[in-house]
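This report refers to the structure that appears directly beneath it.
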Amino acid sequence: MPNAFNFAASPFDCLTQAEQRLVRDHVDVVYFPKDAVVLEVGAVPEHLFVLIKGRVTQFDADEVVTTYGPDDSFDGRGLVARKSSSRFVATEEVVAYALAHQAVNELIAANTTFGALLFSDLGHKLSAVSARHSGHELQALNLSRVDEAFVRHAYIVDAGTDIVTVVKLFQKERTTNVLVRDAVSEPPRLGIFTTNALQRAILSGRPLHELPVGDLTAWSLIAVRPSDQVGDALATMLQHHIHRVVVADGPVIHGVLEALDVFSFLSNHSMLIGMQITAATSIDALAEAAGQITGMIARQYRSGTRVGLIARMVQDLNGRLFERAWQLIAPPELVAHSCLIVMGSEGRGEQLLKTDQDNGLILRDGYTPPAELADICARFSDALTRFGYPPCPGGIMLSNPRWRMSAADFARTARQWLVMPDTESLMHLAIFMDAHTVSGDAHLLEEVRAALMGLSTDNELMLTRFAAAVELFGSQSGWWNRLLGDAGERLDLKKEGIFPLVHGVRSLALAHRVAATGTQPRIDALVAQGVLSPQMGTELVDSLYFFMGLRLKAGLDEMDRGQPVSGAVDVKALTTLDRDLLKDTLGVVKRFKAQLRHRFKLGAL
Amino acid sequence: MSGWVARLRRGWRQRQLKDSEWRFLCDAPPAGEWVALDCETTGLNPRTDEIIAIGAVRIVGGRILTSQRLELLVRPEHGVSAESIRVHRLREQDVEAGLPAEEAMRRLLNFIGPRPLVGYYLEFDVAMINRTLKRTLGLALPQETIEVSSLYYDHVFQQLPPHRQQESTEIDLRFATIMDALDLPMREAHDALNDAVMAALAFIKLRQLGT
């Protein structure tokens, strides 16, 4: 059965033909009845086991560490260390490949990706994954449809229009081309006149205000369909040595696609959405731009862009979107004397797919807001709803009077959260800690935050209560088994992974007066203060982005199927590598929770 | 074949092999070792068809030593029929690169040594090999043979309630059925080595069940 070895499963999927042959030549097939011990603690492993059928459970003392299923391999670490540190038991009858130690060593020496995937710590594993993805990015964007790219408005003039009038149009509309319609010819024809043709117009010697544009128009129009792929449109331009093509569906002209726009689209699609947001003069136009954000996220993710990078782009776009909407709705004076904040995942810059609105408004002390403030705020919340951000069920949005206050009132409220730490206060505190300014005077938020941080560390009991939320979710050892468990089992990554990680970091940030709002900047600050070890810091950051990526993938798949985004991940649908990484990352969270339990004495509560 | 006939036959073969270079085939086999074997042939008639591929692996306890496998392509004297190519996917030009039959048989005997043979429908493979052996080296396989399907038959029969053990019981002995019933992984068939490995797995599991 060496001929049937599954080279599609990680880490073997990165091997060359010659390396695959090496595997085939050094692999045995082994059988273990149920309950047989495959490796004992302290044993010197002679093989890397790759399961064909059945399950193996890894025990540390009596605690289940993890379970391995078909295509999973173990015990890579033990093989390199020449000593197994766990007991591996066939919890089901097992058929497995046993790959000789020497062959594994040769593979590691020859193929760094294989080595990284097999043994290295989490960070290396994840970066090995992203290395494999690189290079696909441009290709995927090339496959986008033309109408997803920046198609410019087509200005159409009659063939009899004189050149001076056309140039005035160029200047007014800041365009470099017009389409020219000749209704006199039989049949009527359509052509294009560009700034390049102006030279010929001037050189013709005829007075420009008398020269009809039709005389200098190129009548052979090259068109692409809106449904064509951007890459094909670009190829068409290169083939004809032209810089633009007309986008048309039969006789209907959709606009003009410029090569320059294609290049910028290919280099950074988010830039175009950003441009649209900045240029928007109505909520309708903003809604159109907002509608493109999810599509951009999907393309960026599927083309292999790192999740941390996508999250930064999304935070930037959302920030600009909210700011522009606020500027369109609120009078300039209100904008100047207040601070519009976003909170929760949006504030941390860790939101990918749209979730609830969490926002608020801090007013400058002594400033009297307009009488219709309530109405303005309600319209803003409605606009966000139109953009696809559902209202917050807990009412944490500026249309709720409790979330729009003067800076002094905000500081007083925040103090109350600390003094009377009931469940609701702690939740509000947690959400507010992630606040981030999107519009107005950011100093207002900084003042409130400074007041909060000045108070926070004195109250150990409050900190303990605050941090205790990391224990609210999580089914202890349950999720290990769910990784390989029954059909249809779904894992709530937010509860099991993201929340304990994010909130644990937030708790440490509160205790150590870290003002940063993002989880990664908080971790960096905590590492700098020596609260977290550099290794734990790296693993937490890698784990967070891995969770976000998995959740995004699951969400995008649900959207593709026309289902609502549930936030749950179908464990059975994961690839071997993702399952492997999920085990590792959830293990990181487990270790982190143990550290928090110790630091905040959670057991004493 | 009952025990004494087998013993008799083995004794006869031993005498036949005496003093020849192949005496080691009749040594006492190493404990807990077997060789699983499968052949691909030009057809299903042992009298007229020829071997074109042999896959063999040693079994040591619960381990199948696929890393020390024997995979032989044998050049047939007559051609390969289109029908058989469809089954094993070895074309004329593939077997063209094969070993001459005598060389293949020498390597096979050295690989097997005195170990008992294991296989599915082994009688057929052994008949094919013996015909080639007789023609080239003038001998026949003396080793004990263990038929996986008959082990399986015995196993299933023992599981039956006593009243059904009286009747002549129909037990499905198709290979896929056996692998499925034993909950063993089925891999792409009609590759001599894969088939040998799967037979070996079934053998290991049936031994396990028997103890």
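The long axis of helix A:576-599 is offset from the longest Cα principal axis of chain A by roughly 70 degrees. Placing a label point 7 Å from the Cα of A:Trp219 along the Cα-to-Cβ direction, the residues of region A:189-204 whose backbone N falls under 12 Å of that point are A:189-192. Normalising by residue count, region A:543-605 has a Cα convex hull of 101 Å³ per residue. The Kirkwood hydrodynamic radius of the protein assembly as shown, based on inverse pair distances between different Cα atoms, is 33.0 Å.
Using the membrane-span-like helix rule (whole DSSP H runs, Cα extent along the own axis of at least 18 Å, mean Kyte-Doolittle hydropathy at least 0.0), which helices of chain B qualify?
Helices meeting the criterion: B:192-210.
Modelled spin-label separation between A:His209 and A:Glu446, with each label point placed 7 Å from Cα along the Cα-to-Cβ direction: 5.7 nm. Put a dot 7 Å past the Cα of A:Gln535, heading toward its Cβ, do the same for B:Asp183, and the two dots end up 3.9 nm apart. Rounded to the nearest 5, the antiparallel percentage of DSSP beta bridges internal to region B:3-208 is 75%. Mind checking which of A:Ser84, A:Val27, A:Ala110 is farthest towards the positive end of region A:12-120's charge dipole, using Cβ charges of +1 (Lys, Arg) and -1 (Asp, Glu) about the Cα centre? Farthest along the dipole direction, towards plus: A:Ala110. Per-residue accessible area (protein heavy atoms, 1.4 Å probe) orders A:Ser381, A:Ser399 as A:Ser399, A:Ser381, starting from the largest.
Whole Å is fine, so just give me how far the alpha carbon centre of region A:362-421 lies from that of region A:568-605. Centre-to-centre (Cα) distance: 35 Å. Pairs of Cα atoms in region B:3-208 fall into 10 Å distance bins, from 0 up to the last occupied one, in shares of 8, 33, 35, 19, 4, 0 percent. From a point 7 Å beyond the Cα of B:Ser20 in the direction of its Cβ, which residues of region B:134-149 have a backbone N at a distance under 11 Å? Residues B:134-142 qualify, since their backbone N sits under 11 Å from the label point.
Assign one of three labels to region B:54-151, namely rounded, prolate or oblate, based on the Cα gyration tensor with a ≥ b ≥ c the square roots of its eigenvalues; rounded applies when a/c is under 1.5, prolate when it is not and a/b is larger than b/c, and oblate otherwise. Cα axes put region B:54-151 in the prolate bin.
The local environment of A:Ile202, defined by Cβ-Cβ distances under 14 Å, has a net charge of -1 under the rule Lys, Arg +1 and Asp, Glu -1.
Set the Förster radius R0 to 60 Å, insert the Cβ-Cβ distance between B:Phe124 and A:Arg561 as r into 1/(1 + (r/R0)^6), and round the FRET efficiency to 0.05. Kindly include the intermediate steps, with their values, before the conclusion.
Working: r = 51 Å, r/R0 = 0.85.
FRET efficiency, B:Phe124 to A:Arg561: 0.75.
Each of A:Leu461 and A:Arg490 was given a label point 7 Å from its Cα along the Cα-to-Cβ line. The distance between the two points is 4.1 nm. Shape summary: region A:467-604 maps onto an equivalent ellipsoid whose semi-axes, from the alpha-carbon gyration tensor, are 28, 16, 13 Å in decreasing order.
Which order do peptides B:109-122, A:149-162 fall in by mean Cβ count within 10 Å, highest first? Walk me through the numbers on the way to the answer.
On the way: B:109-122: 19.6, A:149-162: 16.9.
Packing order, densest peptide first, comes out as B:109-122, A:149-162.
In Å³ and rounded to a whole number, note down the convex hull volume per residue for the Cα atoms of region A:300-346.
Values: hull volume 3.6 nm³, N = 47.
Here the figure is 76 Å³ per residue.
Averaged over peptide B:197-208, the number of partner chain Cβ atoms lying within 10 Å of each residue's Cβ comes to 3. Rounded to the nearest 20, the size of the Cβ-charge dipole of chain A about its Cα centre is 620 debye, with Lys and Arg at +1 and Asp and Glu at -1. Segment B:Ala28..B:Phe157, full-extension length gain: 43.3 nm, with 0.36 nm per residue of separation and the alpha-carbon distance subtracted. Per residue of chain A, the DSSP helices (runs of n ≥ 4 H) give a summed -39500 (n - 2.57) that works out to -15000 deg cm²/dmol at 222 nm.
Can you compute the FRET efficiency between A:Asp375 and A:Arg77 using 1/(1 + (r/R0)^6), with r the Cβ-Cβ distance and R0 = 60 Å? Round to the nearest 0.05. Walk me through the intermediate numbers first.
Values: r = 63 Å, r/R0 = 1.04.
Once rounded, the FRET efficiency stands at 0.45.
Starting from the coordinates of the alpha-carbon atoms of region A:12-120, obtain the Kirkwood hydrodynamic radius over all distinct pairs and give the value in Å to one decimal. Please report the intermediate quantities before stating the final value.
Working: mean 1/r = 0.0717 Å⁻¹.
Averaging 1/r across every pair of different Cα atoms and inverting gives 14.0 Å.
Computed from backbone phi, the HN-Hα couplings of region A:352-367 come to 10, 7, 4, 10, 3, 6, 10, 8, x, 9, 9, 9, 5, 4, x, 7 Hz, rounded to whole numbers (Karplus: 6.51 cos²θ - 1.76 cosθ + 1.60, θ = phi - 60°; Gly and Pro given as x).
Stick to the Cα atoms of region A:334-397, pair each with every other, and give me the Kirkwood hydrodynamic radius in Å at one decimal. Intermediate results must be reported in sequence, preceding the final value.
Working: mean 1/r = 0.0788 Å⁻¹.
Over region A:334-397, the inverse of the mean reciprocal pair distance is 12.7 Å.
Give the percent of DSSP beta bridges with both residues in the protein assembly as shown that are antiparallel, rounded to the nearest 5.
Numbers: 72 of 86 bridges.
That works out to approximately 85 percent antiparallel.
Projected over every direction and averaged, the convex hull enclosing the alpha-carbon atoms of region A:145-272 yields 8.1 nm². Normalised by 2.2 N^0.38 Å, where N counts its residues, the alpha-carbon radius of gyration of region A:498-541 equals 0.97. Taking the DSSP beta bridges with both ends in region A:145-272, the antiparallel portion is around 75 percent. Any chance you could give the angle, 0 to 90 degrees and rounded to 10, that helix A:499-511 forms with the longest Cα principal axis of chain A? Rounded to the nearest ten degrees, it is 90. The long axis of helix A:307-329 is offset from the longest Cα principal axis of chain A by roughly 50 degrees. The H on the amide N of A:Ile222, modeled in the peptide plane, is under 5 Å from the matching H of A:Val246, each at least 5 residues off or on a different chain.
Excluding ligands, DNA and RNA, what is the accessible area buried between chains A and B, summed over both sides, using a 1.4 Å probe, to the nearest 100 Å²?
On the way: alone 27360 and 11930 Å², together 37420 Å².
The contact between B and A buries close to 1900 Å².
If R0 is 30 Å, what FRET efficiency do you get for A:Glu333 and A:Asp409 from their C-beta distance, rounded to 0.05? Please report the intermediate quantities before stating the final value.
Details: r = 20 Å, r/R0 = 0.66.
For R0 = 30 Å, the calculated efficiency reads 0.95.
Write down the accessible area per residue of region A:12-120 in Å², having rolled a 1.4 Å probe over the full set of protein chains.
Details: 4320 Å² over 109 residues.
Per-residue value: 40 Å².
In this structure, the pairs whose alpha-carbon distance is over 19 Å, taken from A:Lys354/A:Lys494; A:Lys495/A:Lys593; A:Lys53/B:Lys205; A:Lys53/A:Lys83; A:Lys494/A:Lys583; A:Lys83/A:Lys590, are A:Lys53/A:Lys83; A:Lys83/A:Lys590. Would you mind checking region B:42-78 for residues with the amide N under 13 Å from a putative spin-label position 7 Å along Cα→C-beta of A:Arg21? Inside the label zone: nothing.
The values are calculated or read from the model by the stated rules, or taken from the named source; none is laboratory data. Because the structure is predicted, anything quoted here is derived from the model rather than measured. Here Cβ is always computed from backbone atoms with ideal geometry, including for glycine, and neighbour counts include all displayed protein chains. These area figures cover heavy atoms from the full protein model, side chains too; ligands, DNA and RNA do not enter into them. Shrake-Rupley method; radii C 1.70, N 1.55, O 1.52, S 1.80 Å.
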